[in-house]
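The values are calculated or read from the model by the stated rules, or taken from the named source; none is laboratory data. Computed from a predicted structure; not experimentally measured. FYI the Cβ positions are ideal-geometry reconstructions off the backbone, even for glycines, and counts take in every protein chain you see. Areas reflect the complete protein model, heavy atoms only, side chains present, ligands, DNA and RNA absent. Shrake-Rupley method; radii C 1.70, N 1.55, O 1.52, S 1.80 Å.
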Amino acid sequence: MVLYDSIRNRKDKIALVGLGYVGMPIAVEFSKYVDVIGFDINKAKVEEYKNGIDPTKEVGDKAIKNCSVEWTADETKLREAKFIIVAVPTPVNNDTTPDLTPVVSASKIVGRNLTKGAIVVYESTVYPGVTEEICLPVLEKESGLKCGVDFKIGYSPERINPGDKVHRLTTIKKIVSGMDAESLEEIANVYSIVVEAGVHRASCIKVAEAAKVIENSQRDINIAFMNELSIIFNKMGIDTLEVLEAAGTKWNFLPFRPGLVGGHCIGIDPYYLTYRAEQFGYHSQIILAGRRINDDMGKYVAEQTVKQLIAADKSIKNAKVGVLGITFKEDCPDTRNSKVNDILKELKEYGIKPMVCDPVADAPDAKRFYGVDLVPLADLHGLDCLIIAVAHKEFKALSDTDIGAMFVGKDNGKKIIIDVKGVRNKDELKALGYQYWRL
């Protein structure tokens, strides 16, 4: 516990590399007890933090303003830290193979500034083996130091749930692992400073890496099952959510629901596991089947929207369709890998130019990633169809009158609502004359 003690006594510092929705909250929480350096290569993001702005909305502007984190885009500041946490994204390429560029680049930066006696802990989601087989050699090459002699490594998978104000860093049990018994105890003790829920010591780094990647794979498969059921029940004319409500009265029925699976965790992590499995000569069946179903759900929703327009005798080309939400999940500004864009792309194939409203989303990112110019809620009027794609609390709070105002100007024909998340009361809307569809 030598390093732990020096960190607690503020003789040594912790550094976070990558200040997104994972790294930034960790930096802020640790800064309540120890000295912390927050590093990111994105200078604009660092300036926002310096100015007390939280672009992720994970902790809020007040927490940023009041914390003692030293925000920096100067990589040489990492030389002041002895406990370095790497929390950068791990996306996939267009062919769904892992894109390890961010984690390798971060390793190069850390390596160039690594000092003797340091511990480097990775939190980025990877397949089993990446930390030791890919990141470690980069650290050694860039630093000229020897792992196990001059520095040590570990892995502690992130479990941050963006937008979740209940399950936080401090309240979620933390998996920790190290390259040996000594590093494991140091890492466990350091994380115990902030994680009230306690830590789980994995037997080795590969076990910790595997645990993370299957957490999201399990959710992906279960949601895929729900999505497949929704397709089947839709063909039968049965309401899926009513079926799930009935089945949910059994004590051991798992409470999953159909929906769009995007973002940079559930929609990405399974591909890391299946890629690694292929390297060992095994072609995944269940995991990839689930991925195929979930990846097609945006297109499916768009197709059902078109069918609803046809059933209501609406002209498809140039139909006025409003879309509420473009982020990958509710109450989160992140638009990366949002499957709402799949809905938009498919609708455009039919000649429909949807208007998208999202007061939560990062508007510049929506434009940069998808070419979408977000419109204010007031601009949604005269609609033929409204797609409620994301269950932001702002959208849940809309009254029936608010919804009705979006259709004002259409004096004939049906008013159609496509409720992807099933957040509105189906019976109430049908009683008000809406043509209503949900997954």
Checklist entry - List, please: which pairs have Cβ atoms under 9 Å, are six or more places apart or on different chains, and start with a residue in the range 306-332 that is farther than 19 Å from V372 by Cα and end with one that is polar (S, T, N, Q)? => result Q308/Q435; L309/S315; A311/Q435; A312/Q435; K314/Q308
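Identify all residues within the range 194-214 that are part of a loop (DSSP other than H, G, I, E, B), at pLDDT below 95 and either open to solvent by less than 30 Å² (accessible area, probe 1.4 Å) or over 28 Å from G263 (Cα atoms) (or both); write none if there are none.
Kept after step one, since they are part of a loop (DSSP other than H, G, I, E, B), are these residues of the range 194-214: 194-198, 202-204.
Right, trim to at pLDDT below 95 and you get 194-198.
V194, V195, G198 - these are the residues of the range 194-214 that are part of a loop (DSSP other than H, G, I, E, B), at pLDDT below 95 and either open to solvent by less than 30 Å² (accessible area, probe 1.4 Å) or over 28 Å from G263 (Cα atoms) (or both).
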Item to check | Search result, residues across the range 344-392 that are closer than 20 Å to A312 by Cβ and in contact with a strand residue (DSSP E or B) (Cβ under 7 Å, 6 or more places away or on another chain) | outcome: L347, I352, P354, M355, L380, L383, D384, C385, L386, I387, I388, A389
Checklist entry - If you go through the range 251-278 one residue at a time, how many are in contact (Cβ under 8 Å) with a residue 40 or more places away in the chain and polar (S, T, N, Q)? => result 0
Checklist outcome for this item: Within the range 1-14, the count of residues that are part of a strand (DSSP E or B) and open to solvent by 40 Å² or more (accessible area, probe 1.4 Å) comes to 1
Checklist outcome for this item: Listed by range, helices (runs of 4 or more DSSP H) wholly within the range 15-100 having at least 2 residues that are free of Cβ contacts under 8 Å to residues at least 60 places away in the same chain and surrounded by fewer than 16 Cβ atoms within 10 Å (Cβ to Cβ) are 43-50, 61-66
Checklist entry - Does S143 count as modelled with pLDDT of 95 or more and either open to solvent by 10 Å² or more (accessible area, probe 1.4 Å) or among the hydrophobic types (A, V, I, L, M, F, W, C) (or both)? => result yes
Checklist entry - Can you pull out the residues in the range 288-318 that are more than 17 Å from L229 (Cα to Cα) and surrounded by 22 or more Cβ atoms within 10 Å (Cβ to Cβ)? => result A302, T305, L309
Checklist entry - Here is a list of conditions, (1) under 24 Å from S203 (Cβ atoms); (2) aliphatic (A, V, I, L, M); (3) at pLDDT below 95; (4) surrounded by fewer than 18 Cβ atoms within 10 Å (Cβ to Cβ), and I134 meets all of them except one; can you say which number that is? => result (3)
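With the requirement that a residue be farther than 25 Å from K329 by Cβ and surrounded by fewer than 21 Cβ atoms within 10 Å (Cβ to Cβ), what does the range 424-439 give you? I'd like the intermediate steps shown before the answer.
We begin by selecting, within the range 424-439, every residue farther than 25 Å from K329 by Cβ; these are 427-428, 430-435.
Result: D427, E428, K430, A431, L432, G433, Q435.
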Item to check | Residues of the range 382-408 that turn out to be open to solvent by 10 Å² or more (accessible area, probe 1.4 Å) and within 17 Å of L432 (Cβ to Cβ), as a count | outcome: 9
Checklist entry - So is V390 outside any helix (DSSP H, G or I), under 24 Å from the mean Cα position of the chain (by Cα), touching a residue at least 60 places away in the same chain (Cβ under 8 Å) and within 30 Å of K45 (Cβ to Cβ) or not? => result yes
Item to check | Residue tally, condition at pLDDT 95 or above, over 17 Å from E140 (Cα atoms) and of a type in the set (V, I, T), over the range 77-123 | outcome: 2
Checklist entry - Among the numbered criteria (1) among the polar types (S, T, N, Q); (2) over 17 Å from L439 (Cβ atoms); (3) part of a helix (DSSP H, G or I); (4) open to solvent by less than 10 Å² (accessible area, probe 1.4 Å), which single criterion is violated by T327? => result (3)
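If you check M236 against the conditions, is it touching a strand residue (DSSP E or B) at 6+ places or on another chain (Cβ under 6 Å) and open to solvent by 40 Å² or more (accessible area, probe 1.4 Å)? Show your work before the answer.
Values: touching a strand residue (DSSP E or B) at 6+ places or on another chain (Cβ under 6 Å): no; open to solvent by 40 Å² or more (accessible area, probe 1.4 Å): yes.
For M236, the condition - touching a strand residue (DSSP E or B) at 6+ places or on another chain (Cβ under 6 Å) and open to solvent by 40 Å² or more (accessible area, probe 1.4 Å) - is not met.
Say we look at the range 274-287 and pick out the residues that are in a helix (DSSP H, G or I) and touching a Ser or Thr at 6+ places or on another chain (Cβ under 6 Å); which of these is most open to solvent (accessible area, probe 1.4 Å)? I'd like the intermediate steps shown before the answer.
Restricting attention to the range 274-287, the residues satisfying the condition of being in a helix (DSSP H, G or I) are 274-279, 286-287.
Okay, now just the ones that are also touching a Ser or Thr at 6+ places or on another chain (Cβ under 6 Å), so 274-275, 277, 287.
Numbers: T274: 11, Y275: 77, A277: 25, I287: 34 Å².
Filtering the range 274-287 for residues that are in a helix (DSSP H, G or I) and touching a Ser or Thr at 6+ places or on another chain (Cβ under 6 Å), the one most open to solvent (accessible area, probe 1.4 Å) comes out as Y275.
Quick check: anything in the range 413-423 open to solvent by 10 Å² or more (accessible area, probe 1.4 Å), under 24 Å from M226 (Cβ atoms), at pLDDT below 95 and not aliphatic (A, V, I, L, M)?
Restricting attention to the range 413-423, the residues satisfying the condition of being open to solvent by 10 Å² or more (accessible area, probe 1.4 Å) are 413-415, 421-423.
Then drop every residue that is not under 24 Å from M226 (Cβ atoms), which leaves 421-423.
Now restrict to residues that are at pLDDT below 95: 421-423.
With not aliphatic (A, V, I, L, M) added as a condition, the list becomes 421-422.
Yes, that holds for at least one residue.
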